[in-house]
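The values are calculated or read from the model by the stated rules, or taken from the named source; none is laboratory data. Because the structure is predicted, anything quoted here is derived from the model rather than measured. Every residue, glycine among them, receives a Cβ derived from its backbone with ideal geometry; neighbour counts consider all protein chains shown. The accessibility values were calculated without ligands, DNA or RNA, using every heavy atom of the protein model including side chains. Shrake-Rupley method; radii C 1.70, N 1.55, O 1.52, S 1.80 Å.
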Amino acid sequence: MPGGQALILELNRIVHGSGISSPVTTRRGLSARLRYLDSPAGREALAAQGVSRRTIRTWMKDKGNISPTQKSRRRIDAAYWQRRRENLIRSGWLKRHLDNDGRGRRVEIYPVDQSHVPDKRHRDLSQRSLTVRYIWNDLVDAYAAQDADAIDEIWDDVITDLDSDYNAYAHVSAVGIGA
């Protein structure tokens, strides 16, 4: 996949790692998500997922005693993660966390698996690791705006530090951020 896309997936992992750990299928996870969404913005997020205003009112009134369908639980979960992501970005937590007081974060780059590439075209690419600074504010802003083109440009800036291996890491299997 393109490196920018892998970067988006890794940011999603960081956001999901900072939220409610109980799954939405449990009573605890469901109640926690509904409490988190009990605000005008949370209700808007639920409505954006296709939940009717009447259903939202019922859920908010009886948070601990409802039993929504599996489809409704997926909508609640999607609305929760949307709000969680927006709140982490708006509060500045994600930028501060990634910037790490100016020290940046270690980024691991996992190259494309070349085990199926014919020997004469096979390149020996190793996992690379580098400390990345100064991109985090721009990256989070692009992530918030869901601007994949800007994230691709940021990825190009990151891999430029790899000098001659630059093109070999434009597409990767995965990216890991030590956060």
For the stretch 97-179, listing chymotrypsin sites (Phe, Trp or Tyr not before Pro) in a DSSP loop whose Cβ sees at most 16 other Cβ atoms within 10 Å gives Y134
Per the rule of 0.36 nm per residue minus the C-alpha distance, extending R74 to D161 adds in nm 27.2 nm
Probe 1.4 Å, all chains present, heavy atoms only: H16 accessible area in Å², nearest 10, is 90 Å²
Contour minus Cα-Cα span, Q5 to R133, at 0.36 nm per residue, comes to 44.2 nm
D (µm²/s, integer) via Stokes-Einstein for the chain, Kirkwood Rh across alpha-carbon pairs, 20 °C, 1.002 mPa s: value 117 µm²/s
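Can you compute the FRET efficiency between N12 and R121 using 1/(1 + (r/R0)^6), with r the Cβ-Cβ distance and R0 = 25 Å? Round to the nearest 0.05.
Once rounded, the FRET efficiency stands at 0.15.
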Asserting the computed 222 nm helical MRE of the chain (DSSP H runs at least 4 long, -39500 (n - 2.57) per run, divided by residue count, to nearest 500) equals -16500 deg cm²/dmol
With 0.36 nm assigned to each residue of separation and the Cα-Cα distance removed, R106 to S21 gains 28.1 nm
PRE zone check, label point 7 Å out along Cα-to-Cβ of A174, amide N under 17 Å, scope the stretch 107-123, hits 107-115
With +1 at each Lys and Arg Cβ and -1 at each Asp and Glu Cβ, the charge dipole magnitude of the chain around its Cα centre, to the nearest 20 debye, comes out at 1800 debye
By the C-alpha gyration tensor axes a ≥ b ≥ c (rounded if a/c is under 1.5, else prolate when a/b exceeds b/c, else oblate), the shape of the stretch 48-123 is oblate
Carbon and sulfur atoms account, in whole percent of the 1.4 Å probe accessible area of the stretch 1-68, for 48 percent
Heavy-atom accessible area of S31, protein chains in place, probe 1.4 angstrom, given in Å² to nearest 10, is 20 Å²
Using a 1.4 Å probe on heavy atoms of the protein chains only, the accessible area for V158 in Å², nearest 10, reads 10 Å²
Ranking I109, M60, A79 by how far each Cα lies towards the positive end of the charge dipole of the chain (+1 on Lys and Arg Cβ, -1 on Asp and Glu Cβ), the top one is M60
